[in-house]
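Written below as structure tokens is the structure these notes are about.
Values quoted throughout were computed directly from the atomic coordinates according to the rules given, and no laboratory measurement underlies them. Note that this is a predicted model, so its numbers are computed, not measured. Cβ sites come from the backbone with ideal geometry, for glycine too, and all protein chains shown count toward neighbours.
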Amino acid sequence: MFADRVLSGMRPTGSLHLGHYHGVLQNWVKMQHEFECLFFVADWHALTTHYDAPQIIEQSVWDMVVDWLAAGVDPAHATLFIQSKVPEHAELHLLLSMITPLGWLERMPTYKDQQAKLVEKDLSTYGFLGYPLLQSADILIYRATQVPVGEDQVPHIEFTREIARRFNHLYGRDPGFAEKAEAAVKKLGGKKGRLYQELRTRFQQQGDAEALESAKALLDEQQSLSLGDRERLFGYLEGGGKMILSEPQSMLTAASRMPGLDGQKMSKSYNNTITLREDEVGVAKKIRTMPTDPARVRRTDPGDPEKCPVWALHQIYSSEQTRQSVMQGCKSAGIGCIECKQPVIDAVLDEQRPMRERAQLYLDDPSLVRNIIADGNEKARKLARETMRDVREAMGLSYS
Ligand code: TRP
Ligand code: SF4
């Protein structure tokens, strides 16, 4: 419960492209070796916007898992699962909905933004309004400490923290809590006990976040505390109650600079993508037909790489040496555009080759993918059940 646990999800609404690879998946692959990681397919989240196209979701779920595996996400290191196969997410979502002020949801920037962006869809639905709360349930049910997300999602993580705080505040008080917590402070010993109290006061009276962090670090070091006392002391720091749900941090993924085929950011909605496992002929064709500096009408016209989307790809894929010869060759009309594009084509194909190979294994035997997910579902569900036991108990729902 106190070690870092990373959780992230992706909506299955179409094939993944190289923008996802450079922006998100490479990061997942790296993190799976550094933290306990849970990655899931957010199929219910996809339904909030694609409720009229469930076939797309169904197909994309499996394609997406193959894409993850192709990119190097390793089921031996990370737990991969599907949201709807862990129905406890829905139960927690429902229970949290009881304490979620409507205004908090209505004020989410993504709510109005997405409605404005997807005008062709009617998103004045109950499900869509609740999107961030479903996300909170995803996160809180695993007591995730770190959530890697893009910038647009940061308000959802902040909202999740507020929900967790509100929940703990409402339900985290058992009778005699303060007395029990004070008794636990004594068990820390005189010096550490005083330090804990001092840090707690500094946080509670002055909102000193550093004091809070130091106090948490102090508790993390105490090996001899019982689990109950430890939890009590963590809860006592931030309020009067037990921490039943823990507040996650967002882990900002560096904004993907992955340019698309037209120089804009690579995105399905701009129709400028190369998919993760796109076939080789298709990749070569897409790059060969990319627009270039419009000033280079004829082969003999000099050009300016800064005005060319191909140059943006050289920034990602080419060595310093190649870039220099492109820069020089373009400006002097020493090279043609087809020639200039070839190293980019080669580099993209090189990057994709191991992905295509890994994917082939799973395409040849889809039961491998089903088994990976079945395993992941089971692991995730076990963790989710533990949290739900505490939540039900706290909310007075543990009759038997
Ligand atoms: N809303 C996220 C997105 O659009 C997907 C998501 C759903 C998610 N649940 C999550 C991300 C929980 C992180 C944690 O990208
Ligand atoms: Fe773009 Fe390269 Fe052609 Fe210059 S030579 S315009 S950089 S494709």
Problem set entry | Leu170 being touching a His at 6+ places or on another chain (Cβ under 6 Å), closer than 23 Å to Met388 by Cα and away from ligand 2 (no atom under 16 Å from the Cβ) | no
For this session: May I ask you to list pairs of residues, at least six apart or on different chains, whose Cβ atoms are under 8 Å apart, with the first in the stretch 374-391 being in a helix (DSSP H, G or I) and the second being of a type outside the set (Phe, Trp, Tyr) and surrounded by fewer than 16 Cβ atoms within 10 Å (Cβ to Cβ)?
Result: Arg389/Ser398
Exercise. Give me the pairs: first residue in the stretch 259-270 and of a type in the set (S, T, N, Q), second residue assigned to a helix (DSSP H, G or I), beta-carbon distance under 9 Å, and six or more apart or on different chains, which are they?
Worked result: Gln264/Tyr270; Gln264/Pro309; Ser267/Gly19; Ser269/Lys117
For this session: Just name the residue that is nearest to Tyr270 (Cα to Cα) out of those in the stretch 289-322 that are more than 10 Å from ligand 2 (Cβ to nearest atom) and of a type outside the set (S, T, N, Q).
Result: Ile316
Seminar exercise, completed: Of the residues in the stretch 323-359 that are charged (D, E, K, R) and more than 30 Å from Ile372 (Cα to Cα), the one that is farthest from ligand 1 (Cβ to nearest atom) is Lys331
Seminar exercise, completed: Here the residues within the stretch 323-340 that are surrounded by 15 or more Cβ atoms within 10 Å (Cβ to Cβ) and hydroxyl-bearing (Ser, Thr, Tyr) are Ser325
Exercise. Counting residues that are over 16 Å from the mean Cα position of the chain (by Cα) and surrounded by fewer than 17 Cβ atoms within 10 Å (Cβ to Cβ), which helices (runs of 4 or more DSSP H) fully inside the stretch 1-117 reach at least 2?
Worked result: 54-71, 88-97, 102-106, 109-117
Exercise. Does the stretch 341-349 contain any residue that is surrounded by fewer than 18 Cβ atoms within 10 Å (Cβ to Cβ), closer than 24 Å to Glu278 by Cα and away from ligand 2 (no atom under 16 Å from the Cβ)?
Worked result: yes
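Mind listing whichever residues of the stretch 284-302 are in a loop (DSSP other than H, G, I, E, B) and hydrophobic (A, V, I, L, M, F, W, C)?
Answer for the stretch 284-302, where residues must be in a loop (DSSP other than H, G, I, E, B) and hydrophobic (A, V, I, L, M, F, W, C): Met290, Ala295, Val297.
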For this session: Give just the number: which of (1) closer than 26 Å to Pro354 by Cβ; (2) surrounded by fewer than 21 Cβ atoms within 10 Å (Cβ to Cβ) does Ser224 not satisfy?
Result: (1)
For this session: List the number of the failed condition for Arg353; all other conditions in (1) more than 11 Å from ligand 2 (Cβ to nearest atom); (2) in contact with a Phe, Trp or Tyr (Cβ under 9 Å, 6 or more places away or on another chain); (3) more than 30 Å from Leu7 (Cβ to Cβ) hold.
Result: (2)
Exercise. Which members of the stretch 134-151 meet the condition of being within 15 Å of Met10 (Cα to Cα) and more than 9 Å from ligand 1 (Cβ to nearest atom)?
Worked result: Glu151
Problem set entry | Residues (crowded, with 22+ Cβ neighbours inside 10 Å and outside any helix (DSSP H, G or I)) located in the stretch 118-142 | Ile141, Tyr142
For this session: Provide a single number: the residues in the stretch 263-307 that are among the polar types (S, T, N, Q) and either touching an Asp or Glu at 6+ places or on another chain (Cβ under 9 Å) or surrounded by 19 or more Cβ atoms within 10 Å (Cβ to Cβ) (or both).
Result: 5
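To keep it simple, each residue is scored yes or no on (1) part of a helix (DSSP H, G or I); (2) aromatic (Phe, Trp, Tyr); (3) under 22 Å from the mean Cα position of the chain (by Cα).
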{"site": "Ala217", "(1), (2), (3)": "yes, no, no"}
{"site": "Gln223", "(1), (2), (3)": "no, no, no"}
{"site": "Glu231", "(1), (2), (3)": "yes, no, no"}
{"site": "Phe234", "(1), (2), (3)": "yes, yes, no"}
{"site": "Lys242", "(1), (2), (3)": "no, no, no"}
{"site": "Ser246", "(1), (2), (3)": "no, no, yes"}
{"site": "Arg257", "(1), (2), (3)": "no, no, yes"}
{"site": "Gly263", "(1), (2), (3)": "no, no, no"}
{"site": "Asn272", "(1), (2), (3)": "no, no, no"}
